[in-house]
Every structure is written in C-alpha cells, then in structure tokens.
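Reviewing the structure listed below.
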Amino acid sequence: MSNYTHETVPTRFVENGGIRYAYRRFGKPGGPPLLFLGYFNSNMDGWDPAVTNSLAADHEVILFDNAGVGASGGETPETVAEMTRHCAAFCGALGLKAIHIVGFSLGGMIAQQLALELPHLIQRLILLGTGPRGGEGMTFTELSAEEQADPVAFLLGAFFTRSETSQAAGRAYVKRLDSRKKNRDLPVSRRSAMAQLAAIREWGTIPVTGRYSTLKDITHPTLFEHGNQDIVVAPINTLILAELLPNAQLVVFSDSSHGAQYQHAQLFLEQVKLLLSRCD
C-alpha cells in the first residue's frame, strides 16, 4: 500500500513518442489501476481528493495530464481521436495491460474512443457527465477558454445548481481542491484550452451517417452518472449512452449539474465500489 495520498503524491514523468507525460500514481496496487481522464480546462489538481483518496484505499489511482495539458509536454490535439492516441501512448509507456477508467466530460469522450480502439485494455468504465459522439446539443457554444479568468465562479456555476444545498456542496468541493499545498500542477494554457474546445465541438458534430452506430461495440461493464440539471452536457446524452451500450447502468442525481459526483460523493463512491467489486 502506497503511503501517498492525493495531497502528497509526487508528480512523475514518462516519455513515449517524444512526448513527456506528467502523472501521479498512488493507492493500493494489485489489480487494474483506475486511470482518471479529466474535463475541459482541468489538470491533475482538478480531481476531488475526497474521491481519489477514497478509491485509493482499495485500488491504485493514476492521475494524468494528456499532451499539452498542465505539466505534460507536446501540443494539445484538436480532436478526441488524437487525444485518445496520446492516452494509449501514455498507458503503453507505463506498461499498463489492464485498466479501469474514470472519465469526466471530455475525459469520458476519450474513454469511449479508447474502449473502441483498445477494448482489451479496458476492464470497467465509469463515465461522468459525458455524451456520445454526435450527441444532443453537444456543440458547447456556452464554453470558452476565458473560463480560466475566474475558475471558482465557473465551477460553482457549471458544476452545481443554484439551490442553496448544491452551492454549499460546491463551496466545500472548491475548498477540497485546494488541499494539495505543495507541488501543484501547472495551469492549463489558453492554447491548450482552445484545442480542447475544438476537440469537444468536433466530437459533438452530428455525423452524416452512422450516428451512435459504434456504441453497441462498447461492451465493457459501464457505470454512467449524471446530474439531472447538467447545463454543460444535457442529461439526454447519458440516457442515449445507457440505452445503446449493452452492459451499462445509469445513476441520475437530483438537484445536480455537471459536478453531480462531487455533490453526492458518498453515493457516487458506493456505486463505483460496487461496480469494481464485481470484477472477475
């Protein structure tokens, strides 16, 4: 068992294909690790320590900056497909043979693509606040790279509803994000944020033919979690995913927006641990 926590684990680096990827690895080794793939404009410090530390008690956790993000080198691609190739290169550099994925928003899009391209690598999928390629209303016209100007306001406005209960949960979440005091990740550059935005808008473009046709090929046991008032990715998108993936379950949280898993962290963790306990 690693003695490191979310707050103390050092940032390490691994190189593949000329790109130097930043990552943090901690928790209980022995089974497939949980690879965390983050949301738009986020780095390794964007994950909730209440979630990562809890899961690290029973599983190894790997946090990861994709190409061009935070402390990682290279340039951030403008398509999810290219981001997925970097993710695969990172997994290859670490010699990972089997993983579970926790993919949030943009990270959930990369997770879907990775499950299609390298199905043998994935054991379980935990997908949060995400949607399928060509989903409903996924052009993300409300997002911009300028969200960096006031990240706290962005998180409280996008991740939580306007209710007093949700906003209180949001303030507690923001406070937890600041619990790592030393060796914090580098901020996401505006150039990287712009590339990410281009990637998720390309992902959300409705294809001329074959809309949703590949979803049946993602056969991994999958847990979807979504807020019923998500203003970033409309909840209908997770319903589409849950209906078309052959081995999926969906949990919808009330009075919740894009950060439902943080507002309802205890219930979310119970669902994740139940899914992972069923591993063969």
Expressed as a whole-number percentage, the relative contact order of the stretch 221-263 with C-alpha contacts under 8 angstrom and at least six residues apart is 55
Taking a ≥ b ≥ c as the square roots of the Cα gyration tensor eigenvalues, with a/c under 1.5 meaning rounded and otherwise prolate when a/b beats b/c or oblate if not, the stretch 24-181 comes out oblate
Too long for a 25 Å Cα-Cα cut-off, among Lys97/Lys181; Lys97/Lys175; Lys97/Lys273; Lys97/Lys216; Lys28/Lys216, are Lys97/Lys181; Lys97/Lys175; Lys28/Lys216
Rg/Rh over Cα atoms for the stretch 120-175, Kirkwood Rh, comes to 1.07
The percentage of the accessible area of the stretch 161-280 (probe 1.4 Å, all protein chains present) made up of carbon and sulfur atoms, to the nearest whole number, is 55
Note on the chain: alpha-carbon gyration tensor, axes a ≥ b ≥ c; rule is a/c under 1.5 for rounded, else prolate if a/b larger than b/c, else oblate; result rounded
The distance between the Cα centres of the stretch 29-96 and the stretch 175-221, in whole Å, is 11
By the C-alpha gyration tensor axes a ≥ b ≥ c (rounded if a/c is under 1.5, else prolate when a/b exceeds b/c, else oblate), the shape of the stretch 157-212 is oblate
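Let me have the relative contact order for the stretch 1-78, percent, based on Cα pairs under 8 Å that are six or more residues apart.
Result for the stretch 1-78 is 35 percent.
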Calc'd 3J(HN,Hα), the stretch 132-146, phi into Karplus 6.51 cos²θ - 1.76 cosθ + 1.60 (θ = phi - 60°), Hz, glycine/Pro = x, comes to x, 4, x, x, 7, x, 9, 8, 6, 5, 7, 8, 7, 5, 6
Restricting to Cα pairs under 8 Å and 6 or more apart, the percent relative contact order of the chain works out to 21
Per the stretch 136-230, sqrt(5λ) over the Cα gyration tensor eigenvalues, sorted largest first, in Å, gives 29, 19, 16
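The values are calculated or read from the model by the stated rules, or taken from the named source; none is laboratory data. What you see is a predicted model; the values in this text were computed from it and never measured. SASA here: full protein model, heavy atoms, side chains in, ligands and nucleic acids out. Shrake-Rupley method; radii C 1.70, N 1.55, O 1.52, S 1.80 Å.
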